[in-house]
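Enquirer: One structure coming up, written as C-alpha cells, with questions to follow.
The values are calculated or read from the model by the stated rules, or taken from the named source; none is laboratory data. Predicted model, so just to flag it, every value in this text is computed and none were measured. Neighbour counts are summed over all protein chains in view; Cβ atoms, including those assigned to glycine, are modelled from backbone coordinates with ideal geometry. Ligands, DNA and RNA are stripped out before the accessible areas are found, and what is left, the full protein with its side chains, is counted by its heavy atoms. Shrake-Rupley method; radii C 1.70, N 1.55, O 1.52, S 1.80 Å.
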Amino acid sequence: MTRSTALLAALLALATMAGAAETDAVVQAWPARKPVRDAALEAKVEAALKNLTLRQKIGQMTQPEIRAITPEQVREYAIGTILNGGGGWPGQDRAATPAQWRELSEKFQAAALQATPGIPLIWGTDAVHGHNNVRGATLFPHNIALGATRDADLVRDIGRATARAIRASGLHWAFSPTLAVVQDVRWGRTYESFGVDPALVKRLGQASVEGLQDGMKEGRGVLATAKHYVGDGGTRRGIDQGVTQASPADLANVHGAGYLGALDAGVLTVMTSFSSWTDSAGYVEHGKMHGNAVLMTGVLKDRLAFDGLIVSDWDGVGQVPGCTPEDCPAAINAGIDVVMVPFKWKDFFNNTVRAVEQGKIPMARIDDAVRRILRVKFSIGMQTPVPATVEAMQAPELARRAVRESLVLLKNKPGLLPLKGTARVLVVGAAADSLAHQSGGWSVTWQGRDTSNVDYPQGTSLLAALRQRLGAAQVTFDADGSKSDPKNFDAVVAVLAETPYAEGEGDARITENLRFSRRHPKDAEVLQRVAGRGKPVVTLLYSGRPLYVNDLANKSDAFIAAWQPGTEGAGLVDVLVEPTAGKAWPGFTGRLSFPWPAGPCQFSSHEARSWWPVGGGLSGKETQANTKALPEPADPAPICPL
Ligand code: GLC
C-alpha cells in the first residue's frame, strides 16, 4: 500500500469513526423504548404481506390526491391510500355534503378492495381544528389557542369530536396534531403549535392523539399523525421548510418532546418535516429530514420502537438531493413508508417499481414499509357507526368552551369587563363579521382567506353573537368606524385581525417586523377613529401568533388575544358580556403559551424583555388599575437586525 492510499485509508477510517460517533450522539440523545407487539396482528400482517406482488406493495406505498386519481385507477394500480389536500373536495365542490364525501370514499374503497382483497384503503385529511375541509363542520380554535387553555381534557375531547366528524365523512386518517415547539414566531405555522414549552406540547399532543384514536377499532376513532418530524418549528428566522440548527440533545428534548407523548398515546403515523437539521454541537449538516435515515430509522423506528408508518409530506421527497417528487429511492431507503405524491403518483409508482427491480431499493425495505402500512390498516375498524350527517360533524358547545378558555386578557380597566347585558355597543372592524378571519388558515380552503360567511353556514361571528346576547337594537356595526360617534354608546368593541394564512404564505419575511399596525394599517386606522372619544374600547386581536401591539393597546381600555376562535363566536361573548341571571362570569382563564412581544423585532420564543412572559394574562377580576402607557419604540428602519 502506497503512502497516499494509506493516508486515504486512514482518513476514511477517521471519517467512518466520526460518522459513527455522530450517529451515536444523535441516537443516544433519545430515550430507548421497547416495542409492544400483538402476535395476532403480526400474524395477520405476515399472511397478507406474503400474497402481495411488487406492484401491489408499491401501490400500498403511493398516496395520490383525490383530484388526480379515479377509483378505476386505484383498482388498476392497487393504490392503498389517498388524501385530500386543503381545498380538495369531492367533485371539487366546497359545498359537498358529508354524504357526498362518504359516497366518494366508498367508491375508492370498493376499487381498492377489488385490487387487494382484505386490505382496505385509508383516506387522510388535514383536520387540524375540526374537520375543516367540510362545509358545516364545527371549527375549533387552532392549537395556539388550545395551548393557552392548558386543558388536556378539552384537547382530548376535541380530538374525539374531530374523529367523529372525519368518520362521518367516510375518511380514516387525520394529519394532526402538529407537535412543533416554535422558536421564532415569524413562522407562518406558529398557530399550529401548542406553544414554546416542550412539556406542554408533549402533554397536549398526547391528549390530542388519545382523543383522535379513541375507539379506532370500533370505527369511531381515526388514525392520528404526529407531525412534522422533527424540528419543523425550529427553523432559522422561522423560515418555513428552512434549516433547524440544534444540538442532538435539544432536537430530542425540545423538538422531540411531542413525539414521546404521541408514542405514549399509541400514535400510528408520523409525517416527516420539510425542514432540514444541522447538528449545532457536532457541526454536522444532516440536510433534509425526508432523507434522514438516522432520525427516521435509527431514532424513530429503532430507538423509539415506532411500529407504525412514516408518511412524507406533500412532494417532500423531491427536496432530497438527487431526487424528484416522482423518483426518490433515497427517501424510501431512509425510512419513508408512504410517499405523499399528490399528482405525479403514476410516475412515482413506475419509477419505484423499477428502482426495486434494479436493486436501488432492497425488497426488505419495501416489505418493512408494507408491513408497517398493513399493521396500521389492520388496527382501525373500517366500518363506522357514525352517520354521514352534518350534525355528526358538529360540537358547538365544546368549541364554545374552547373559545372561552383560550382568550388571554393582556390589558384591562378594572370593572370594564364583563360588559352589562343592557349595554349599547358599537362594533368596529370588518373582521367582527368575518368567519374567515375568525377561523384562520386551514378553513374550508388551504389558506382560508378565499372564503366568505356563506362557506360557514354553521358559524356565528362575534357580531352575530353580540346581537344574539344583547339584542340587535343594542348593537351597531360600523366596519371602519367612520360613521358613528362612540359617545352614543356604552362601549366600543374593536376587532383587529390578521388575514388568514397557512404554511410559508404566512411567514413574516426578514424584511418585515411584527408591528401589527404596519402589517394591517387599515385595522389600526379603525381603532384610531374610536379611541379617546370618551367611551371605553375593548379590542380583540384575531391572530395566529403574538404580534407587537403596544401602540394599539395604548389606544384600548382592554386588549384581548383571541387567536383564531373558529366558528363559535358565542364563546367570545360568554366572556365579554355578563352572564344571564344565575350563572357566574368565568373571567379570563387563558394564559399565554408564547411570550408576548414588547418590541416590533421580538420574534424569539425565549424573549426575556417581552410585554408578557409565557403564562401571562389577566383574569379580568383585578381591582388594581394598570394605567401606565406601554412604551412605543420606533421601528428600526427599515428592517429588524438580522
Ligand atoms: C402540507 C403540510 C402538511 C399537510 C400536507 C397535506 O404541505 O405541510 O402539514 O398535512 O401538506 O395537506
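Enquirer: Taking Asn51 as meeting all but one of (1) free of Cβ contacts under 8 Å to residues at least 60 places away in the same chain; (2) more than 30 Å from Pro342 (Cα to Cα); (3) part of a loop (DSSP other than H, G, I, E, B), write down the number of the exception.
Expert: (2)
Enquirer: Also, quick follow-up: Consider the stretch 63-93. How many of its residues are open to solvent by less than 40 Å² (accessible area, probe 1.4 Å), more than 12 Å from the ligand (Cβ to nearest atom) and under 20 Å from Thr451 (Cβ atoms)?
Expert: So the answer is 2.
Enquirer: Could I ask something else about it? Check whether at least one residue in the stretch 268-288 is of a type in the set (Phe, Trp, Tyr) and closer than 21 Å to Val201 by Cβ, and report yes or no.
Expert: Checking the stretch 268-288: at least one residue is of a type in the set (Phe, Trp, Tyr) and closer than 21 Å to Val201 by Cβ.
Enquirer: For Asp279, work out the one condition from (1) open to solvent by less than 10 Å² (accessible area, probe 1.4 Å); (2) closer than 14 Å to Ala226 by Cβ it doesn't fulfil.
Expert: The one condition Asp279 does not meet is (2).
Enquirer: Right, another one. Evaluate the following for Arg102: is it more than 20 Å from Ser176 (Cα to Cα) and outside any loop (DSSP other than H, G, I, E, B)?
Expert: The answer is yes for Arg102.
Enquirer: Say we look at the stretch 245-256 and pick out the residues that are open to solvent by 10 Å² or more (accessible area, probe 1.4 Å) and part of a helix (DSSP H, G or I); which of these is farthest from the ligand (Cβ to nearest atom)? Can you show your working first?
Expert: So the first thing to find is which residues in the stretch 245-256 are open to solvent by 10 Å² or more (accessible area, probe 1.4 Å), and the list is 245, 247-250, 253-255.
Remaining after also requiring part of a helix (DSSP H, G or I): 248-250, 253-255.
Details: Pro248: 24, Ala249: 26, Asp250: 22, Asn253: 23, Val254: 20, His255: 16 Å.
Residue satisfying both the conditions and the ranking: Ala249.
Residues are listed down the side, and each one gets a yes or a no for (1) free of Cβ contacts under 8 Å to residues at least 24 places away in the same chain; (2) of a type outside the set (Ser, Thr, Tyr); (3) more than 22 Å from Trp314 (Cβ to Cβ):
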position: Trp173; (1), (2), (3): no, yes, no
position: Gly205; (1), (2), (3): no, yes, no
position: Thr225; (1), (2), (3): no, no, no
position: Tyr229; (1), (2), (3): no, no, no
position: Gly233; (1), (2), (3): no, yes, no
position: Thr244; (1), (2), (3): no, no, no
position: Ala252; (1), (2), (3): no, yes, yes
position: Ala257; (1), (2), (3): no, yes, yes
position: Gly261; (1), (2), (3): no, yes, yes
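Enquirer: Which of the helices (runs of 4 or more DSSP H) found entirely inside the stretch 386-494 contain at least 1 residues meeting this: at negative phi, within 22 Å of the chain's Cα centre (by Cα) and among the hydroxyl-bearing types (Ser, Thr, Tyr)?
Expert: 396-406, 435-439
Enquirer: Here is a further query. Pick from Arg365, Arg303, Arg372: which is assigned by TED's automatic domain parsing to the domain that holds Gly266, surrounded by fewer than 19 Cβ atoms within 10 Å (Cβ to Cβ) and basic (Lys, Arg)?
Expert: Working: Arg303 fails: surrounded by fewer than 19 Cβ atoms within 10 Å (Cβ to Cβ); Arg372 fails: surrounded by fewer than 19 Cβ atoms within 10 Å (Cβ to Cβ).
Residue meeting the stated conditions: Arg365.
Enquirer: Given the conditions (1) more than 16 Å from the ligand (Cβ to nearest atom); (2) of a type in the set (Gly, Ala, Ser); (3) buried (at least 22 other Cβ atoms within 10 Å of the Cβ); (4) in a loop (DSSP other than H, G, I, E, B), which single one is not true for Ala112?
Expert: Of the numbered conditions (1) more than 16 Å from the ligand (Cβ to nearest atom); (2) of a type in the set (Gly, Ala, Ser); (3) buried (at least 22 other Cβ atoms within 10 Å of the Cβ); (4) in a loop (DSSP other than H, G, I, E, B), the odd one out for Ala112 is (4).
Enquirer: Would you check if there is a residue in the stretch 37-45 being of a type in the set (Gly, Ala, Ser) and in contact (Cβ under 8 Å) with a residue 60 or more places away in the chain?
Expert: Within the stretch 37-45, the subset of a type in the set (Gly, Ala, Ser) is 39-40, 43.
Those still in the list that are in contact (Cβ under 8 Å) with a residue 60 or more places away in the chain too: none.
No, the stretch 37-45 contains no residue that is of a type in the set (Gly, Ala, Ser) and in contact (Cβ under 8 Å) with a residue 60 or more places away in the chain.
Enquirer: Further, regarding this structure: Can you name every residue in the stretch 217-234 that is more than 13 Å from the ligand (Cβ to nearest atom) and open to solvent by less than 20 Å² (accessible area, probe 1.4 Å)?
Expert: Within the stretch 217-234, Gly219, Gly221, Val222, Val230, Gly231, Gly234 qualify.
Enquirer: Among the residues of the stretch 127-153, what is the count of those that are small (Gly, Ala, Ser) and either open to solvent by 10 Å² or more (accessible area, probe 1.4 Å) or within 16 Å of the ligand (Cβ to nearest atom) (or both)?
Expert: Just the residues of the stretch 127-153 that are small (Gly, Ala, Ser), to begin with: 127, 130, 136-137, 145, 147-148, 152.
Keeping just the survivors that are either open to solvent by 10 Å² or more (accessible area, probe 1.4 Å) or within 16 Å of the ligand (Cβ to nearest atom) (or both) gives 127, 130, 152.
The qualifying residues number 3.
Enquirer: Further, regarding this structure: Could you say which residue among Gly188, Gly159, Gly124 is away from the ligand (no atom under 14 Å from the Cβ) and either modelled with pLDDT of 95 or more or open to solvent by 10 Å² or more (accessible area, probe 1.4 Å) (or both)?
Expert: The match here is Gly159.
Enquirer: Here's something else I'd like to know. Give me the residue from the stretch 501-531 that is part of a loop (DSSP other than H, G, I, E, B) and open to solvent by 10 Å² or more (accessible area, probe 1.4 Å) and, out of that set, farthest from Arg186 (Cα to Cα).
Expert: Once the filter is applied, the top-ranked residue is Ala531.
Enquirer: Determine, yes or no, whether Gly616 is in contact with a helix residue (DSSP H, G or I) (Cβ under 8 Å, 6 or more places away or on another chain), under 28 Å from Pro418 (Cβ atoms) and surrounded by 14 or more Cβ atoms within 10 Å (Cβ to Cβ).
Expert: It is false that Gly616 is in contact with a helix residue (DSSP H, G or I) (Cβ under 8 Å, 6 or more places away or on another chain), under 28 Å from Pro418 (Cβ atoms) and surrounded by 14 or more Cβ atoms within 10 Å (Cβ to Cβ).
Enquirer: Taking strands (runs of 3 or more DSSP E) that do not extend beyond the stretch 266-319, which have at least 1 residues that are within 13 Å of the ligand (Cβ to nearest atom)?
Expert: Hits in the stretch 266-319: 269-272, 309-311.
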